[in-house]
1. Please work out how much length the chain gains when fully extended from residue 17 to residue 291, using 0.36 nm per residue of separation minus the C-alpha to C-alpha distance, in nm with one decimal.
2. So how do 203, 119 rank on accessible area, 1.4 Å probe, biggest first, that is with the largest at the start?
3. Suppose every Lys and Arg Cβ carries +1 and every Asp and Glu Cβ carries -1, with no other charges. What dipole size does the chain come out with about its Cα centre, to the nearest 20 debye?
4. Before rounding to the nearest 500, sum -39500 (n - 2.57) across all DSSP H runs of length at least 4 in the chain and divide by the residue total; then give [θ] at 222 nm in deg cm²/dmol.
5. Cβ neighbours within 10 Å, averaged per peptide: list 276-283, 51-58 in order, most packed at the top.
6. At 7 Å along the Cα-to-beta-carbon direction for both residue 298 and residue 239, put a label point, then send me their distance in nm to one decimal.
7. Given the Cα-Cα distance of residue 197 and residue 10 and 0.36 nm per residue of separation, how much length would full extension add, in nm?
8. Would you check the accessible area of residue 198, probe 1.4 Å, heavy atoms only, in square angstrom rounded to 10?
Amino acid sequence: MKLAVIAVTESGVKIAKLCQERFDDDVDVFGPPGDGRDAPWLMDLVGEIFPRYDGIVFVSAVGIAVRAIAPHLRDKTIDPAVVVADEAGGFSVSLISGHIGGANDLALRVSDAVGAVPVITTATDIHGKPALDLFMKELGLKTDDMPRLTRVSSGILRGESACIFADIGLGRWGDRVRAAYSVRPLDQIKRYRNAYEHVVVVVDEEVPQVRPGTLILKIRRVYAGIGSRKNVTDDEVRDAVRGALGSQGLHIHNLKGLASIDIKSEEKAFYEAAEHFGVEVSLFPAEKLNAVAPTSSDFVKEKVGADGVCEPAAILASAGGTLILPKTVHGRVTVALAEQG
């Protein structure tokens with residue numbers, strides 16, 4: 001998680017530095033300018049950095065943070081997590097994007113770092129219910145119907161019945177979800193779809209026949225572009241792919257394919273890793289990779305004749321998808337991830 005910590009006054013810099021020291025994330029600290037400028041510097045700074053960070057921590061009054069971020073708010077699915085800590089380190093307030101953006105979790109981490117009391121006000125957390133939007137985030141799901149998501153979540157808070165039909169493993173979410181929802185295999189939807197006030201369906205590609213008002217959650221489809229040194233092992237490839245997925249909060253069920261350059265056709269480890277994950281390997285010639293490569297490396301060009309390998313391979317395999325993880329080095333393997341639209 002790439003974080004920015006903004007200390008609005010000199011007295012808040014100590015709190016900002018504590019966060020930087022005690023977080024494992026990539027943290028940038030911004031303090032007040034030393035040239036005597038007043039409040040407009042903050043508005044200018046927030047306008048510049050708001051889209052560039054996954055989370056922003058203000059060391060300030062809540063009102064100052066609200067005014068600073070207000071012009072830049074778009075949607076909870078894309079806004080960064082915003083947390084406010086007071087200068088004395090007394091409270092850590094989750095302000096926006098509590099679930100999807102991760103502000104609730106960030107507020108807890110800030111509280112641990114500086115000894116503050118965390119303040120979390122999202123309704124599902126107050127009532128001890130598992131939030132659907134957090135469920136989506138942690139299981140690598142998405143929806144095209146945010147209003148429906150809100151209606152179902154509100155219904156759960158009112159005590160209305162709901163069932164999640166899914167074939168993916170729920171992992172550590174299993175017990176929490178079953179405390180508020182029924183959970184059934186996807187092939188039982190025809191039999192039970194009218195037995196609940198709210199129906200949630202988790203699908204990969206094909207959407208089954210559902211009743212009107214059903215909330216459809218789609219598995220995010222991600223492709224891993226791979227580069228490597230010669231004679232890597234399948235364990236190295238598997239570990240690199242798992243690490244890349246984990247860094248984006250994704251799981252093996254999100255992985256839909258591996259991809260690389262065609263001169264890697266004899267690289268046994270790629271095929272063994274793909275078989276382990278239950279996906280296919282796609283290989284592309286240098287000219288196709290060059291056509292979509294977002295960056296160029298002279299070193300890679302000299303070695304394999306392409307401007308890049310893992311990033312353009314992921315983009316091509318995902319049919320022109322969005323690069324969500326640029327080239328990342330994992331030992332002798334490089335990985336990039338692209339998400340199919």
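The values are calculated or read from the model by the stated rules, or taken from the named source; none is laboratory data. No experiment lies behind these values; they were computed from the predicted model shown. Note that we place each Cβ from the backbone using ideal geometry, even for glycine, and neighbour counts take in every protein chain shown. Heavy atoms of the whole protein, side chains included, go into the accessibility calculation; ligands, DNA and RNA do not. Shrake-Rupley method; radii C 1.70, N 1.55, O 1.52, S 1.80 Å.
1. Values: separation 274, 0.36 × 274 = 98.64 nm, distance 4.36 nm.
So the chain would gain 94.3 nm between residue 17 and residue 291.
2. Largest accessible area first, the list is 119, 203.
3. Details: 39 positive and 46 negative charges, 202 e Å.
Once rounded to the nearest 20, the dipole reads 960 debye.
4. Numbers: 14 runs with 118 residues, N = 341.
That comes out to -9500 deg cm²/dmol.
5. Values: 276-283: 16.2, 51-58: 21.5.
Put in order of decreasing packing, that is 51-58, 276-283.
6. With each label placed 7 Å out from Cα toward Cβ, I get 3.2 nm.
7. On the way: separation 187, 0.36 × 187 = 67.32 nm, distance 5.34 nm.
Full-extension gain reported as 62.0 nm.
8. The accessible area of residue 198 comes to roughly 30 Å².
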